[in-house]
Structures are given as C-alpha cells and as structure tokens.
1. Take I113 and R132, extend 7 Å from each Cα along the Cα→Cβ direction, and tell me the distance between the two endpoints in nm.
2. How far is helix 86-100 tilted, in degrees, relative to the longest principal axis of the Cα atoms in the chain, given as a value from 0 to 90 rounded to the nearest 10?
3. In the chain, how does Rg compare with the Kirkwood Rh, expressed as the Rg/Rh ratio over alpha carbon atoms?
4. Can you give the accessible area per residue of segment 65-137, in Å², using a 1.4 Å probe?
5. Report relative contact order for the chain in percent, whole number only (criteria: Cα-Cα under 8 Å, sequence separation at least 6).
6. Which number do you get for Rg(Cα) / (2.2 N^0.38 Å) in segment 69-123?
7. Rounded to the nearest percent, how much of the accessible area of segment 14-137 (1.4 Å probe, protein heavy atoms only) is carbon and sulfur?
8. Leaving out ligands and nucleic acids, note down the accessible area per residue over segment 9-56 with a 1.4 angstrom probe, in whole Å².
Amino acid sequence: MTKVFLILSIALFGAMGALARVYLGGFVQGFMPEETSVKFPLGTLTVNVLGCLIFGCLGYLGHHHGLIPQEWRTILLSGLLGSFTTFSTFGFETVLLYENAPHGKIYFAAANILLNVTLGIAAILTGMQIGRLFVSN
C-alpha cells in the first residue's frame, strides 16, 4: 500500500466515521423526550460505547493476533473509528497501559484516565472562557 493511498484511505474513512457519528448520534438522540428539563446526551453515549465496542474487537484482533494488517488497522481505527469517536482510542490505549503494566501496578492506566478526563474538562472550561472574551467586548 502506497503512502498516498494510505493517506487518502484514512481521509475517506475519517469522513465516513464523522458522518456516521452525526447521523447515528442524531438518530438516537431523537428518542429522548423533548419535554424533559435535562436532555441527556444519549446519542453521544451510544456513539462512544458502540465505537469502543468495535474498536476493542478490531484492536484486539489486530494488535494481539495480527489478523488485521497494520495499514488497515490505521485506516479503520484511526480513520473510521477515530472520527466516529476519539473516546474509543482513549479506552483502548488505557486498556493497553493496564495490560502492559507490571503485575498490580495500574497507575499508568489510572493516570491516563485521570489526566485525560481532568485536563480535557479543564481545557473545555478554559476554551469557553477564552470564547467569552471574544463575545463580551
């Protein structure tokens, strides 16, 4: 597989994953009643869990058993599922950290969870504050 074909494949599958996220997430979200005061993001939850399920299966078959060639793992996992949900990549990498840790030492996996969630939310809050600067003037 040439480098150009790989890049174009990642881009094409990335576009398909992004479209699948928007349409599946919107479809599922449509089942939430409109009259509730809090509209739980069921569409996002569904996409994240489904993405993790598929990523876990394909990642396991490719990473642990070599059943999916590296190029196709990149196309499917980074392209398709990476744009469908980055949460799946985070979940898979956390499990790999746990699996590769010396017996009983899960602190790398725990640190990955803590840092991603804490810093991610902090970055969202910081970004919102920066955005407020643009509209408050």
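1. 3.1 nm
2. 50 degrees
3. Working: Rg = 18.1 Å, Rh = 17.2 Å.
Rg divided by Rh gives 1.05.
4. Roughly 70 Å² per residue, with all protein chains present.
5. Relative contact order, the chain: 27 percent.
6. 1.30
7. 72 percent
8. I get 64 Å² per residue for this part.
The values are calculated or read from the model by the stated rules, or taken from the named source; none is laboratory data. Just so it is clear, the structure is predicted and the values come from calculations on it, not from any experiment. Every residue, glycine as well, gets a Cβ built from its backbone with ideal geometry; the counts of neighbours run over all protein chains shown. To get the accessible areas, we keep the full protein, side chains included, count just its heavy atoms, and leave off ligands, DNA and RNA. Shrake-Rupley method; radii C 1.70, N 1.55, O 1.52, S 1.80 Å.
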